[in-house]
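Have a look at the structure below before the remarks.
The values are calculated or read from the model by the stated rules, or taken from the named source; none is laboratory data. Small disclaimer: the values here were computed from a predicted structure and weren't measured. When we count neighbours, we look across all protein chains shown, and the Cβ atoms used for this are built from the backbone with ideal geometry, even at glycine. The area values use the complete protein model at the heavy-atom level, side chains included, leaving out ligands, DNA and RNA. Shrake-Rupley method; radii C 1.70, N 1.55, O 1.52, S 1.80 Å.
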Amino acid sequence: GIWQRRESKLLPGKSDFTVTFKRRVYRLFGEEEAAAFARSPSWFAPSLPDSRCPGIQAPPAFVCVIGPKGSGKTELSQSIVAENAGLELLNIQQGLEMPEEEAARIQAQKDAKAKAKAEAAAAAAAAAAEAGEPEPEPEEEEEEPEEEPEVAAKRKVGYLSKRILDIFSEGKGLVLEGMPPNAEETAAILEAKLLPEVLLYIEMDEEQAVSRLFVSPGPPPPPELEEDEEPPAPMTREELLEAIAERDEARKQEIRDEHAAASESVSAFVEALGSLNVVCNMLNGNAARRRVLSAASRRLAKA
């Protein structure tokens, strides 16, 4: 209850950090939260039927759905939102993006800086011409320093955190879905304590990924020729089929490689959240997906 009271977040408790209050045992997220709860238990404890303390109410539901490309995570998330009133859907990657108003502000600053620099250069050139001196050499463009991955991740997670808290402040629950974040973003998410109540992760093998994502574009287009270049001899049927098969197999291998990388990211994200006592449920196949969807719907209905 500590973080829910302070920042509209409810974190999973751990058995190592417990406090007893009014004959009830509360599990807290960490040592800091346990100490704060022990100092003011009536402030942080959830409202109970037999309690007169101004405790907190259960926070809105927060479910995260992740999986590789083509796994059906978006369809599943949309189904959960459709079957449960009061839920908002947010894509992870979109949540990590810079808000349009901030991007516009930064671009305006860059434009103003470039304009001032151009005006200064024009004034220097005019002064040199008036004095009969050669025009000064233009200043070299300053390259913006590249942002460190950890710094960029914390900035992006800051955007995500604000969007999530805005949804919670409206009294709505959240289904956060998408591809798993990278290692730096995952670390920033854990540091910011953006932990869902339930994590649903979808697994599928690489051949399932190929069957869902691969679409053959058909015969290859004719080669582009230079102005005076002679067109090549037309392919025989066997050569054409061989060229199509080779191209298609190359694309299938790309899908396998992308799927393997995404699956590793899913496993890392699940391991990171599971280590913090977040409930993690794996889905594999349509039947399992329907069963977990039904269970998730019942759980959310009670939230």
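Data for the structure
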| item | result |
| --- | --- |
| Test for Ser275: is it under 23 Å from the mean Cα position of the chain (by Cα), at pLDDT 80 or above and exposed (fewer than 11 other Cβ atoms within 10 Å of the Cβ) | yes |
| First in region 61-89 and under 15 Å from Phe269 (Cβ atoms), second anywhere and polar (S, T, N, Q) and open to solvent by less than 20 Å² (accessible area, probe 1.4 Å), Cβ under 9 Å, 6 or more apart | Val63/Ser77; Val65/Ser77 |
| Residue ID - modelled with the lowest pLDDT, chosen from residues in region 208-236 that are surrounded by 10 or more Cβ atoms within 10 Å (Cβ to Cβ) and of a type in the set (Ser, Thr, Tyr) | Ser216 |
| Among residues of region 90-142, those that are farther than 30 Å from Glu185 by Cβ, free of Cβ contacts under 8 Å to residues at least 12 places away in the same chain and open to solvent by less than 100 Å² (accessible area, probe 1.4 Å), counted | 14 |
| Qualifying positions in region 236-267 - β-branched (Val, Ile, Thr) and farther than 16 Å from Gly70 by Cβ | Thr236, Ile244 |
